[in-house]
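Novice: Below is the structure I would like to discuss, written out as structure tokens.
The values are calculated or read from the model by the stated rules, or taken from the named source; none is laboratory data. Quick caveat, the model's predicted, so the values are computed rather than measured. Reconstructed Cβ throughout: ideal geometry from the backbone, glycine too, with neighbour counts over all protein chains shown.
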Amino acid sequence: MPGTFFGIEIGRTGLAAAQIGQDVTGNNIANAGTLGYSVESAHQEALAYNQPVSRDTMSNLPLGSGVVVNQVLRARDQFLDTQVRDASSATGLQTSQRDALTQVGAAFNEPSDTGLNATLGKFFTSFQDLANNPEDLGVRAATVQKGDGLARVFQGIQQSLGAIGTSLGSKAKTDVQNLNDYGSQIAALNKTIRQYSTSGQSPNDLLDQRDLLVDKLAGVANITTQNNSDGTVSVSIGATALVDGKDSYTVTQSGLTASGDLKSGDLAGVTAAQTQVTAYQGQLNTLAASVVSQVNAVHSAGVGLNGTTTGLNFFSASAGSEASTIAVNSVLQAHPEDVAAAAAPIPPALVGAPGDGSNATLLAGIENKTVTAAGDPLQNTTVLDYYKQTVADAGGRAASASTASNSAGASLTQLGKQRDSVTGVVTDTEMVNMMKYQRAYQASARVVQTMDDMIGTLITGLFSGR
């Protein structure tokens, strides 16, 4: 049968288990506000008593030997982790595109009295005013000013788009740096975690740190994870490995884009936004080039107030960067009388007809003139319609990205709450556990005290009988 001090030993195990349970509860409460912390619980297991076979019937009773805390478990749901990370990647993709396209919309500044659409209209209207008053120097100066205002609006929009592109480039650089930094940290944690795992221990705090880093990775790019038998985790972006056990690898934006592995996450959204911004810059250049080309073609064929000066371009611009370099001809800025409002003289006439504004009328008509040249980017449309299509495309993309971002964000919030219900610390529950372990400790102490009293009675009885 069990020894005399068997009951005290059972009480001791109860005291130890209750103490560990209280320690775990205290740790939970202390980390209630710690980002990434997973609530822990003390897993208790009954101890069996291995006793020899005996004829004494009492010695064959299946008595337990107390309790032991054989593991401190952390609450985690791998399925919810995967869902949260997928939602985080989707949110990062849509949010970064929404933010960039919202800035593009602000750069276009439409609808607005100072936007390009209104400024183009005012510019071409000034030629109609000039056609009605071709000999008025004030009207001529106003036309030059409207042209200068148009050029400045083109330049301002292109400059804003360039700034957005630069900002996106910096953001992409930061995202790539974060990917590589997080990967290195995960690999370092893998190495330490493997050491604990091979010795049968579960380093919960290190596992929480690693999971938090994986969560951060998911916000930057679409990742997949694989839990390995040695306790390490492998992380990849599509087919591109980022972490393999204790080893980490360096990734680049160009490499991920070229391989087609970058599908979602903030970096994917930034990359897509960079492409879109570059496209809008190209479209603005195309529009500016068309305005310059059409206006110059008509203007250079006309004559100014002297009736003889021909061949003057209204605008100047550098090929390939028309929107950022467009400017009114410096000759016209200094001599608005040279604005070609009149048609060139028809031989045998040597000078244009006095008061002729026919060329200005042609310049005003460019606003609603459909481009017919085959292969021209503006073929079958007008300069204003082409610009409106560009702005509408940007607005539509921004609205779509905003809707998708809100939807993905709501999904992420909901999934985050579900995961928190599993992994988060509930202080009310911990207070209940605290009282539970307190009472268990008191009860185990009473067992020890009672068994001590029984042994004391036994010893006193034995010696008092002599």
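Novice: Are any residues in the range 367-393 part of a helix (DSSP H, G or I) and either in contact with a helix residue (DSSP H, G or I) (Cβ under 6 Å, 6 or more places away or on another chain) or touching a residue at least 12 places away in the same chain (Cβ under 8 Å) (or both), and if so, which ones?
Specialist: Those that are part of a helix (DSSP H, G or I) and either in contact with a helix residue (DSSP H, G or I) (Cβ under 6 Å, 6 or more places away or on another chain) or touching a residue at least 12 places away in the same chain (Cβ under 8 Å) (or both): Glu367, Asn368, Val383, Leu384, Tyr386, Tyr387, Lys388, Thr390, Val391.
Novice: Hey, any hits in the range 378-396 for a residue that's exposed (fewer than 14 other Cβ atoms within 10 Å of the Cβ), at pLDDT below 90 and in the same structural domain as Phe154 (by TED's automatic domain parsing)?
Specialist: The answer is yes; a qualifying residue exists.
Novice: Something else: From the list Ala221, Ala272, Ala187, Ala268, pick out the single residue that is at pLDDT 95 or above, buried (at least 17 other Cβ atoms within 10 Å of the Cβ) and within 30 Å of Ala30 (Cβ to Cβ).
Specialist: Ala187
Novice: Looking only at residues in the range 119-160 that are hydrophobic (A, V, I, L, M, F, W, C) and farther than 30 Å from Gln103 by Cα, which one is surrounded by the fewest Cβ atoms within 10 Å (Cβ to Cβ)?
Specialist: The qualifying residue surrounded by the fewest Cβ atoms within 10 Å (Cβ to Cβ) is Leu137.
Novice: I would also like to ask the following. Of all the residues that make up the range 237-262, how many are without any contact (Cβ under 8 Å) to a residue 60 or more places away in the chain and either outside any helix (DSSP H, G or I) or hydrophobic (A, V, I, L, M, F, W, C) (or both)?
Specialist: Total meeting the criteria: 13.
Novice: Does Ala398 satisfy the criteria of being among the small types (Gly, Ala, Ser), at negative phi and under 35 Å from the mean Cα position of the chain (by Cα)?
Specialist: Yes: the conditions hold for Ala398.
Novice: Is the range 162-170 home to any residue that is buried (at least 22 other Cβ atoms within 10 Å of the Cβ) and either of a type in the set (Lys, Arg) or assigned to a loop (DSSP other than H, G, I, E, B) (or both)?
Specialist: no
Novice: Give the range 290-311 a look and list any residue that's within 16 Å of Ala151 (Cβ to Cβ) and either of a type outside the set (A, V, I, L, M, F, W, C) or in a loop (DSSP other than H, G, I, E, B) (or both), or say none.
Specialist: Listed by number, the residues that qualify are Ser290, Ser293, Gln294, Asn296, His299.
Novice: Just name the residue that is nearest to Asn285 (Cα to Cα) out of those in the range 110-164 that are without any contact (Cβ under 8 Å) to a residue 60 or more places away in the chain and among the basic types (Lys, Arg).
Specialist: Going through the qualifying residues, I end up with Arg152.
Novice: A further question on this structure: Select from the range 149-194 the residues that are over 21 Å from Thr252 (Cβ atoms) and either in contact with a Gly (Cβ under 9 Å, 6 or more places away or on another chain) or among the aromatic types (Phe, Trp, Tyr) (or both) and list them in ascending order.
Specialist: Val153, Phe154, Ile157, Asn190, Lys191, Ile193, Arg194
Novice: Still on this structure, I have one more. Exactly one of (1) at pLDDT below 90; (2) surrounded by 15 or more Cβ atoms within 10 Å (Cβ to Cβ) is unmet by Ala46. Its number?
Specialist: (2)
Novice: Let me ask something else about it. Which residue is farthest from the chain's Cα centre (by Cα), if the candidates are limited to the range 246-273 and must be farther than 28 Å from Gly396 by Cβ and β-branched (Val, Ile, Thr)?
Specialist: Selected residue: Thr250.
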